[in-house]
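Written below as structure tokens is the structure these notes are about.
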Amino acid sequence: MNMQQGAVRADAVLQDTLAAVRPELKWNHGPSNDAGCTKGVAGAATGTGSVKRIITIMTVVSEQRRGELMGFVERDWESRGYKITGVRKSAEVPAVYAETPEGYVLDVKVGGEGQFFLEAATPCLTDSSVRPPAGKPNTPDRSGEFPQRPDVRDEFWSV
């Protein structure tokens, strides 16, 4: 598998996670990046690389609902056979970390101002060019500085 194919798979994992959340969350793409994998002390190139995809949740998630959303994502990942590798229990910046059987590393975390992020990183794959994510966000384009703060209110998540 090459990096582009891995990026498509990472996008699918993130989209599957979003699709499982009800009520629906509003989202947009965060920055995507890729980097070469290296080995050894000298950091020799290996002809492989990894891709990271980020989904920025634009729905305002209230403090009262943050734990619920984190727990929902954690249970969804477990139901898909993903291994939960860590949980950061923090009132301010909680996070859940997981790994798929194929070696993709996932996390859902809360940043400043209650901003939620879903992230997926591929394992090291055959080096190739990588296109931007193909999925169409369900909010208008948010070009500009990252992160764009959540601004979509929801009857359930924002209460």
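We did not get these values from a lab; they are worked out from the coordinates using the rules stated. Owing to the predicted nature of the structure, the values given are computational and were not obtained by experimental measurement. All Cβ positions, even for glycine, are placed from backbone atoms using ideal geometry, and neighbour counts span all protein chains on display.
For the stretch 86-159, which trypsin sites (Lys or Arg not before Pro) are in a loop by DSSP, counting at most 11 other Cβ atoms within 10 Å?
Those satisfying the criteria are Lys89.
For the chain, set up a GNM with springs between Cα atoms under 10 Å and report which of Val60, Val87, Val51 has the largest fluctuation.
Fluctuation is largest for Val87.
Kirkwood Rh, the chain, all Cα pairs: how many Å? Intermediate results must be reported in sequence, preceding the final value.
On the way: mean 1/r = 0.0614 Å⁻¹.
Kirkwood radius, the chain: 16.3 Å.
Starting from the Cα of Lys83, draw a straight line to each of the lysines and keep only those under 27 Å, dropping any in the same chain fewer than 8 residues away.
Lys26, Lys39, Lys52, Lys109
Quickly estimate the mean residue ellipticity at 222 nm for the chain, helices only: each DSSP H run with n ≥ 4 gives -39500 (n - 2.57), and the total goes over all residues, rounded to 500.
On the way: 2 runs with 35 residues, N = 159.
Helix-only estimate at 222 nm: -7500 deg cm²/dmol.
With the radius of gyration and the Kirkwood radius both derived from the Cα set of the stretch 6-50, what is their ratio Rg to Rh?
1.20
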